[in-house]
């Protein structure tokens, strides 16, 4: 069996928690009721992994774990009572979100490789794991997914982290240190992108506003 | 084999019909053409079950049944020709919609339990069966899903009906009377929520408008 | 094995390319960044087939092919640098789009029949293959899917092409000529619908604007 699955559960739940916070917060901002907040928190946190597992043709991890169900509800409760504080703490939450992004792309890629996907497709699926939940959150909240237009580098660090995961796997490094290395790389790239305001380009000739 | 599958087909088609009416009606209100009305009717009626079956990793029921395909088209034809009358009949339609909600959450939970999901996850999937189609309808119609913000108790009765289904199943009651009891409970809760205007709360500090 | 799979790969990639162009172009129009353009191009081109394969319970073709991944990226690069030219060439692109529509509905129907779906359900799934990507494109771009309201006949040619594919298959014609015939029929119907401005009706009593 794969060691990562034994080493990372706490990290995993932490990633889910942070993604769920961003979903619940979006709900509060949009004046959704508590049901809407819980749906948004759960879909943000679990949506990417559910998409991945549907494509891998395995039972979604979210439907085999107690924590995956309860942690988004916990995030909903926290945002329900203390959303102004969470809102103020968003700069910190974004650091944890970057950690979740790194973790999810690495774990998603690894899972796809384990199931026998080619490295290229495993990388795509790893990125999908990391960004899919946020896309679902925005679509459900009636917005164009911020990933598509905000020009922040969010998908790109996930893509590179996934690629490194696949390369390490290809080179025979299949244990949790490889997963962690890929996750940390994506995390650091995301932090650097935020810190230095790196931006994705618009199509040629479309003016920056 | 499971008795419910032999007892409930007419009820099942009735639930699908009512959900499809709400989808086709949304289409007429939004000035969609007849193709859009048919797509919306079908997705509202079948989307929740398709999502459930994708997660259960079984062939979606909608793709094994003749009635599941034809009934939404029938609802489309009716709304196409008589939408003002259907619109005026919405209070009645809502009662049938509550019945569909009850039936779908009970049947969805039962199917998940049969496939071997844990009670907690079966309950989630039962609720998804009941509310998933309406969420897809609203997303396709370009709206935030009403479930997320309208503060009506819609998901909560489905959740409680699903929970009762799982409890009865756990206690050894696996026949159609258990399914019916759970469905009726969710139905009654939904009717009471409409009758007395029970509302889901907004996050603390967000004013009721 | 099925001959079509050996005969059609170039046609298939051409269809994917054209669908991807329409996705990338939507991205440029909406001022999405290059990441958003690539996501939209990929989902438009591959989304219908992924939906189909999830329902068929087989590994999505997009995750087994190199070309399916690279061609949407190529379309993104072209639109990124030359979107005004592509925009001007849209009348031509629409002809190729009609070809993609025809091809996708025929191939999708055939794949569903091969997996053992009934003719009726195979037809539905063939149409889904052809129009699913465009629906995803519009939802992600924050619009009501144009398929639902623009009254152009887009789904109907796909439906008829799928039906002819199923009829030919039922009559024992299972090779690539049957697939091609169904694809050409849908293509021609779509071209005629554009040429003569055939329109789908609105619900009775809703005035044409």
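The values are calculated or read from the model by the stated rules, or taken from the named source; none is laboratory data. Only a predicted model underlies this, so the values are computations on that prediction, with no experimental measurement involved. Note: ideal-geometry Cβ built from the backbone for every residue, glycine included; neighbour counts use all protein chains shown.
Data overview
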quantity: So residue C:46, is it under 18 Å from the mean Cα position of the chain (by Cα), buried (at least 21 other Cβ atoms within 10 Å of the Cβ), under 14 Å from residue C:134 (Cβ atoms) and more than 11 Å from every other protein chain (Cβ to nearest Cβ); calculated: no
quantity: Single match in C:78, C:16 (criterion: in contact (Cβ under 8 Å) with a residue 12 or more places away in the chain, assigned to a helix (DSSP H, G or I) and more than 26 Å from residue A:153 (Cα to Cα)); calculated: C:16
quantity: Matching residues, the range B:178-209, being part of a helix (DSSP H, G or I) and over 21 Å from residue B:120 (Cα atoms); calculated: B:188, B:190, B:191, B:192, B:193, B:194, B:195, B:196
quantity: Criterion (surrounded by 14 or more Cβ atoms within 10 Å (Cβ to Cβ), in contact (Cβ under 8 Å) with a residue 24 or more places away in the chain and in contact with a helix residue (DSSP H, G or I) (Cβ under 9 Å, 6 or more places away or on another chain)) met by exactly one of A:148, A:189, A:168; calculated: A:189
quantity: Test: residue in the range C:102-115 that is at pLDDT below 95 and not in a helix (DSSP H, G or I); calculated: no
quantity: Test: residue in the range A:49-61 that is more than 13 Å from chain B (Cβ to nearest Cβ) and out of contact with any strand residue (DSSP E or B) (no Cβ under 8 Å at 6 or more places or on another chain); calculated: no
quantity: Residue count, the range B:131-154 (criterion: in a loop (DSSP other than H, G, I, E, B), in contact with a strand residue (DSSP E or B) (Cβ under 8 Å, 6 or more places away or on another chain) and more than 7 Å from every other protein chain (Cβ to nearest Cβ)); calculated: 2
quantity: Residues located in the range C:155-172, provided they are facing chain B (nearest Cβ under 10 Å) and on the phi > 0 side of the Ramachandran plot; calculated: none
quantity: Sole exception among (1) at pLDDT 90 or above; (2) farther than 24 Å from residue B:128 by Cα for residue A:40, by number; calculated: (2)
quantity: Residue ID - farthest from the chain's Cα centre (by Cα), chosen from residues in the range A:87-130 that are within 21 Å of residue A:30 (Cα to Cα) and within 14 Å of chain B (Cβ to nearest Cβ); calculated: A:88
quantity: Enumeration of residues in the range C:53-78 that are under 19 Å from the mean Cα position of the chain (by Cα) and more than 20 Å from residue A:112 (Cβ to Cβ); calculated: C:55, C:71, C:74, C:75, C:76
quantity: Test for residue A:186: is it modelled with pLDDT of 95 or more, under 19 Å from the mean Cα position of the chain (by Cα) and away from chain C (no Cβ under 14 Å); calculated: yes
quantity: Residues satisfying the stated conditions in the range A:54-75, i.e. crowded, with 19+ Cβ neighbours inside 10 Å and touching a residue at least 40 places away in the same chain (Cβ under 8 Å); calculated: A:55, A:56, A:68, A:71, A:72, A:75
quantity: Hey, residue C:132 closer than 19 Å to residue B:62 by Cβ and surrounded by fewer than 17 Cβ atoms within 10 Å (Cβ to Cβ) or not; calculated: no
quantity: Number of the condition not met by residue A:181 [criteria: (1) more than 8 Å from every other protein chain (Cβ to nearest Cβ); (2) crowded, with 24+ Cβ neighbours inside 10 Å]; calculated: (2)
